[in-house]
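The values are calculated or read from the model by the stated rules, or taken from the named source; none is laboratory data. As the structure is a computational prediction, the values presented were derived from the model and not from experiment. For neighbour counting, all protein chains shown are included, and Cβ atoms are generated from backbone atoms with ideal geometry for every residue, glycine included. Note: accessible area is taken over every heavy atom of the protein model, side chains too, but ligands, DNA and RNA are not part of it. Shrake-Rupley method; radii C 1.70, N 1.55, O 1.52, S 1.80 Å.
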Amino acid sequence: MAGPLQGIRIIELAGIGPGPFAGMMLADHGAEVIRVDRPGARIDARDPLLRGRRVIGVDLKSDEGRALVLDLVKSADALFEGFRPGVTERLGLGPAECHAVNSKLVYGRMTGWGQFGPYANAAGHDINYIALAGALHAYGRAGEKPTPPINMVGDFGGGGMMLAFGMVSALLHAKTTGQGQVIDCAMTDGAAALMAMIWGFRANGIWKDERGVNLLDTGAHMYDTYECADGKWISIGSLEPQFYALLLEKTGLKDDADFAAQMNSAQWPALKERLTALFKTRSRDDWCADMEMTDVCFAPVLSMSEAPHHPHNAARGTFVEADGVMQPAPAPRYSATVSDAPRMTKMADTDAILAELGYDSGKVEALKAAGTVK
């Protein structure tokens, strides 16, 4: 694929969720990503997380499979894995073994808890990582339990995207110094980093360590979602005074004294009740007609089936269809190195990859007969 990472070869030791997301990001931006999966592993051609890859099935527990991956490493710029600490070392594919054959290699490691620390070897999922990071405590409404935002913050924001950023940063370092290194990407660290602004607010005394009572966590009446008469929803983010004034004008409340003290948090619950009742008097389309594409800071809350067809998303090509699968397009965009349209991964490229490594047909057939590759 075209893109700013064109010419970079990255080995992905197959995993689930955030690992494939990092691979998708790197492939979207032009890197050649070779996914090393289990022999015979099913490739889901509908999964956007697997797009843009070349795939080879390898038995990593065999001596021949280990040697094959090290052959791949010799010509690679980077490798990443998402196993528990120590797994690749036990396979003979840890940083020491890989750097022995390619000292410039960037070796990315992504786990929930990180490579060291009391939790390092424990099992976990996104909900646990963001809980320990101090993020989950902040998500939810006043008086209600913490609510995980799907698995966006730990797995994908703090994990997969942070790993992709770390890989590119380390690749730049390797290019200028000739020195590879190991990246320890922990989802707990990443989720904590995503909360940096909130930590700043807390330090300045403008954020309470309590759910649903602050400016950006649905505590404020001018930063929340509201149900409309047709059961659909809208989002309001009228924080700045001029945007708030326009909200009041569009809702017919500009002369209402109760709404004048915008930042009086003691009044927020009562004002929210009034807006809740007001927005239920008209349909979402009606509110869109008045507020969409204005400085109210407004948008309809779109479902996954609606979002690709909204005029703004359609104009930008925010979503694309590849092989019949609707999915998000590569992001962000570049003026000079335009990414290709996504290509869904459908089958293994074992023979072609082995041929590129210089394996003759006899060796390829022997590896296949032994079940080392498929």
Completion exercise
The simple spin-label model distance between Trp199 and Thr294, using points 7 Å out along Cα→Cβ, in nm, is 4.0
Fill in the blank from the handout: In nm², the average projected area of the convex hull spanned by the Cα atoms of the chain is 21.8
Practice task
Would you mind giving the average projected area, over all directions, of the Cα convex hull of the range 261-374 in nm² with one decimal?
Solution key: 14.7
Problem - 0 to 90° range, to nearest 10: angle between helix 161-177 axis and the chain longest Cα axis - result: 50
Handout entry: Radius of gyration, Dmax [the range 1-145; alpha carbons; angstrom]
Key = 17.1, 58
Practice task
Could you look at the chain and say what percent of its accessible area is carbon and sulfur, using a 1.4 Å probe and all protein chains?
Solution key: 57
Practice task
Quick one: angle between helix 18-28 and the longest Cα principal axis of the chain, in degrees between 0 and 90, rounded to 10, please.
Solution key: 80
Problem - Calculated P(r) tail over 15 Å for the range 1-68, as whole % of Cα pairs - result: 51
Fill in the blank from the handout: Expressed in nanometres to one decimal, the distance between label points 7 Å along Cα→Cβ at Asp184 and Thr337 is 2.9
Completion exercise
Cα-based Rg then Dmax for the range 63-186, in Å, read 17.0, 58
Exercise for the section: Please give the calculated 222 nm ellipticity per residue for the chain, where each DSSP H segment of at least 4 residues contributes -39500 (n - 2.57) and the sum is spread over every residue; nearest 500 deg cm²/dmol? Expected result: -9500 deg cm²/dmol
Completion exercise
Rounded to one decimal in nm, the spacing of the 7 Å Cα→Cβ label points at Ala355 and Arg46 is 3.2
Handout entry: Solvent-accessible area per residue for the chain (1.4 angstrom probe, square angstrom)
Key = 50
Problem - the range 95-216 - charge dipole about Cα centre, Lys and Arg +1 at Cβ, Asp and Glu -1, debye rounded to 20 - result: 200
Exercise for the section: Provide the packing ranking of 336-342, 71-77, i.e. peptides ordered by the mean count of other C-beta atoms within 10 Å per residue, highest first. Expected result: 71-77, 336-342
